[in-house]
1. Please sort by residue number the trypsin sites (Lys or Arg not before Pro) in region A:1-108 whose DSSP state is loop and whose Cβ has at most 12 other Cβ atoms within 10 Å.
2. If the protein assembly as shown were replaced by its equivalent ellipsoid, with semi-axes equal to the square roots of 5 times the Cα gyration tensor eigenvalues, what would those be, largest first, whole Å?
3. Using a 10 angstrom cutoff on alpha carbons, build the Gaussian network for chain B and name the most mobile of B:212, B:85, B:136.
4. Picking from A:51, A:107, A:92, which is most flexible by a Gaussian network model of chain A using Cα springs under 10 Å?
5. Rounded if a/c is under 1.5, else prolate if a/b is larger than b/c, else oblate: which is region B:81-149, with a ≥ b ≥ c the root eigenvalues of its Cα gyration tensor?
6. Report the residues of region A:59-75 in range of a label on residue A:3: point 7 Å along Cα→C-beta, backbone N strictly under 12 Å from it.
7. Under 17 Å Cα-Cα from residue B:88, which aspartates and glutamates qualify once same-chain neighbours fewer than 8 residues away are excluded?
8. First measure r as the distance between the Cβ atoms of residue A:55 and residue B:165, then evaluate 1/(1 + (r/R0)^6) with R0 = 30 Å and state the FRET efficiency to the nearest 0.05.
Amino acid sequence: MRLFIYFIISAMLISLQTTVIPALPFLLSSYDMLIPFIVYFTLFRPATECLTIIIIAGFAMDMLSGAPAGIYLFIYTWIILLFKRAKLYFHLRDPVLFQIVVVISILIENMIFGLYISFKTMSFELSFHAAQIVLIQLIWVFLTIPFIFVIFDYIFGAIDKLIAGGLRKSL
Amino acid sequence: MFSKKTMVVAGAIILIALNVLVFSFTYIRKSSVGDAAARATLYLISPFQTAVSAVIDFTDDVWEHYFFLISVARENDELKKKLGIAVKKNNECNEIALSNERLRKYVNLKKQSPYNLLAAKVIAKDPAPWFKTMIINKGTKDGVIKELPVMVPEGVVGYVTTASSGFAKVLLIIDRNSSVDAMVQRNRARGVVQGDAQGLCRFDYALRKLDITVGDTIVSSGFDGIYPKGLRIGSVSKVIRRNSGLFQAIELTPFVDFKKLEEVMIILNPLIHDFVSNQ
């Protein structure tokens, strides 16, 4: 049940990112919508759920994107490895920690893409266009992440209640 | 008391007397006395008339602008609804007209083209802004296989990199990973069209001695084993000839507007030059 819901949420986020956002003007081009999802799982959900979700989301993104196969899975895995224990070391309020980790994760993702493209094209210069993309993404992160945190908190709280209620009934 | 006859006579006399009185009054009005009387009457009565008229106007105003407006507001709501429906319908008609225009182009292309073309709809684009791919709604069950070229009437779009049963992923020519063996249509100068960072293309490996100018059309050469010969790719927008080096740097503006792609055509029989059998 839980897995099915996560799959549906991942599919919805991927669909939003591949159909709605590319149709918007350049200034509205957003960041990888799955990053906040992965970060939320990394920080606030059990490790087993994290692993399941990176496999689903990473695999789907790799299949749909023109990026080299496995790069999204690689990025999401690194996000989990780097930040899984962040809550233990950084005593920040959940929304603040969430926002910081999302920003760092998006920078990591762009850095990995940039490195891949640099190696592929054998040019190591930071183009204005690339800097523009990253800047727009960061602006959108700062504008949207607090709302996304509230939405995720509500959705996952509701899922937990729903599943707990179902279990209680079955017992 | 009075007989009927007497009553009739008296009535007639009163009527005649009244007539005389009215005629006399008309005559008096023309005189200065009559004029003064009329002015006095106007002076005395007009304020009342004005007041009554103002009350009537006020009542009329209140009725027109308040009570009557309730029905006007209702009517307005109805009209707004109708306008909304009309705007929606108009928009739908515009969409149909535009779609019709686009599809007409595709049908013409299909009729004129020597290739077996399959139309497909673009359903999604790459999730990352760094890469340029798209997903189309035709797959292996429609005869789409890997490495089939994709085009629109304006020119080359890209080629199929992955095909599932109902969908396929297309790598666009503006992606950095894409390369198309191409040539200048005017003088057949060869080079390779490669994707650029900002949704444009470069025409690489064109020798410095070759005469290539801004506005030249670049077409596919057919030697890359994917794209058939002669498909339009783009026009030269910038040429940089450095003092040193073997090649010139050429920027290319693709003929296809990749941001507005909605439908594409897949070439199912690309008629690729068969290098093996020719050797």
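Read-outs throughout are calculated quantities, based only on the coordinates presented, and are distinct from any laboratory measurement. The model shown is predicted, which means the values in this text are computed figures rather than measured ones. Here Cβ is always computed from backbone atoms with ideal geometry, including for glycine, and neighbour counts include all displayed protein chains.
1. When the trypsin sites (Lys or Arg not before Pro) of region A:1-108 are filtered for loop state and at most 12 Cβ neighbours within 10 Å, A:85, A:93 remain.
2. Whole-Å semi-axes of the equivalent ellipsoid: 78, 38, 24.
3. Result: B:85 has the largest fluctuation of those listed.
4. Ranking A:51, A:107, A:92 by mean-square fluctuation puts A:92 first.
5. It is oblate, given that a/c is not under 1.5 and a/b is not larger than b/c.
6. Residues passing the 12 Å test: none.
7. B:77, B:78
8. 0.85
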